DNA sequence: ACCTGAACACCGTTCAAGT
DNA sequence: ACCTGAACACCGTTCAAGT
């Protein structure tokens, strides 16, 4: 307390503390004052290292992006590699549920992120896609990952499956059937994601093999 | 000005004004004071009709949900009906880009929303799905729609396609190829969505016809 | 029944001081 | 070079008045 702080503060250190705060206490708990407090400093000090709160959100976004493991993209067979990459991507988002809304609206332009996407597209082209088809596939996979991580779907329905039974028989049947397959709360999300992944990658493989419906 | 207001205020009227404000001036412009101003009233008055700002966000969410046209779900052939429904769902979200982050994190439990999902699941079951498979398909479609509406993907890449050319050749090639197919700014999103939709519904149809890979 | 003004505790951000 | 206290304009929300 008596000693002055050494150089504890930096854009990266602030981003790490911000992500911890979001993980621990939720997105709305990320306050400049609360963040400074967690860093043993006084609010206004943060502005010596970052330009604005928005800047911090960008830094947190980059932090999450850096957590994604893209080594599976170099694996063979390429289909399994891409599936593993997509699952890992989704797992990172799911492990920071309070930060998901942040990721969803914030484009990442880091050199790392670009290299990652470059690798994905190169893998798809090597597998036989035209560059344009590779872009479409990558986009579809991205949509599936982000959409499933946001999980509005299961959040909306996993909860009270029996409540609206008589008025909505198909809904109740489906949810009960899905629940019978696996009763864990994220199971329907997981299975929806896996289904979509299988359809996209399976359909792509069929198309590349010339058996697609074109 | 001299006359007292008649009953202009209500939860619904407030929600409509809130959505207008979000559409016009962005999500962060939705302020209790600004919203009241748009309704010719003074901030605190809103609390006579709604419980909190969060309550307003729920109401806006319901408003968007009500815009979705689910009549295509009753059309034949069911495959085209579901595709049309998914496209309409996505179109509604895209027509309120400033409100998308709101929809993404907010589960809608309205009677209308439940009926909508019930219809979708009933359609899938009628087409031959087991209830569990119907739930997975509906989830995958939902993820694709929401993920593509959030459009992080294209927001991140459509912009500066030439800038990082040498370091990321596959990325640059894909974006340029996609751009050549259709240069409009949302084209890659649209094509990614359509590709995912085709893969999911095509794969489902094949699976139901017994030609799937199981 | 419902609009109002004033106030509350909070927020992001700035800036003149300090060291 | 960087932390600080105080201040700024703002925010969501409450509440005693008013009509």
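Does residue B:191 satisfy the condition of being touching a helix residue (DSSP H, G or I) at 6+ places or on another chain (Cβ under 6 Å) and at pLDDT below 90? Step through it out loud before you land on a result.
Working: touching a helix residue (DSSP H, G or I) at 6+ places or on another chain (Cβ under 6 Å): yes; at pLDDT below 90: no.
In short, no.
Residue B:128: away from chain A (no Cβ under 12 Å), over 20 Å from residue A:199 (Cβ atoms) and either surrounded by fewer than 17 Cβ atoms within 10 Å (Cβ to Cβ) or more than 18 Å from the chain's Cα centre (by Cα) (or both), yes or no? Reasoning before the result, please.
Values: away from chain A (no Cβ under 12 Å): yes; over 20 Å from residue A:199 (Cβ atoms): no; either surrounded by fewer than 17 Cβ atoms within 10 Å (Cβ to Cβ) or more than 18 Å from the chain's Cα centre (by Cα) (or both): yes.
So residue B:128 fails the test.
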Inset, instruction - Say whether the condition of being away from DNA strand C (no atom under 12 Å from the Cβ) and either in contact with a strand residue (DSSP E or B) (Cβ under 6 Å, 6 or more places away or on another chain) or at pLDDT 95 or above (or both) is met by at least one residue in segment A:1-11. - result: yes
Inset, instruction - Go through (1) away from every other protein chain (no Cβ under 14 Å); (2) surrounded by fewer than 16 Cβ atoms within 10 Å (Cβ to Cβ); (3) within 12 Å of DNA strand C (Cβ to nearest atom); (4) in a helix (DSSP H, G or I) and name the single condition residue A:28 misses. - result: (1)
Legend entry - Matching option when the condition is more than 19 Å from the chain's Cα centre (by Cα), within 13 Å of DNA strand C (Cβ to nearest atom) and closer than 21 Å to residue A:95 by Cα, among A:57, A:46, A:21, A:35: A:35
Inset, instruction - For residues that are within 14 Å of another protein chain (Cβ to nearest Cβ), part of a helix (DSSP H, G or I) and within 16 Å of DNA strand D (Cβ to nearest atom), tally how many sit in segment B:51-92. - result: 5
Legend entry - Residue selected from segment B:69-86 under the condition surrounded by fewer than 17 Cβ atoms within 10 Å (Cβ to Cβ) and in contact (Cβ under 8 Å) with a residue 24 or more places away in the chain, by the criterion farthest from residue A:147 (Cα to Cα): B:74
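The values are calculated or read from the model by the stated rules, or taken from the named source; none is laboratory data. Worth saying up front: this structure is predicted, and the values here are computed from it rather than measured. With ideal geometry, Cβ positions are generated from the backbone for all residues, glycine too; neighbour counts draw on all protein chains shown.
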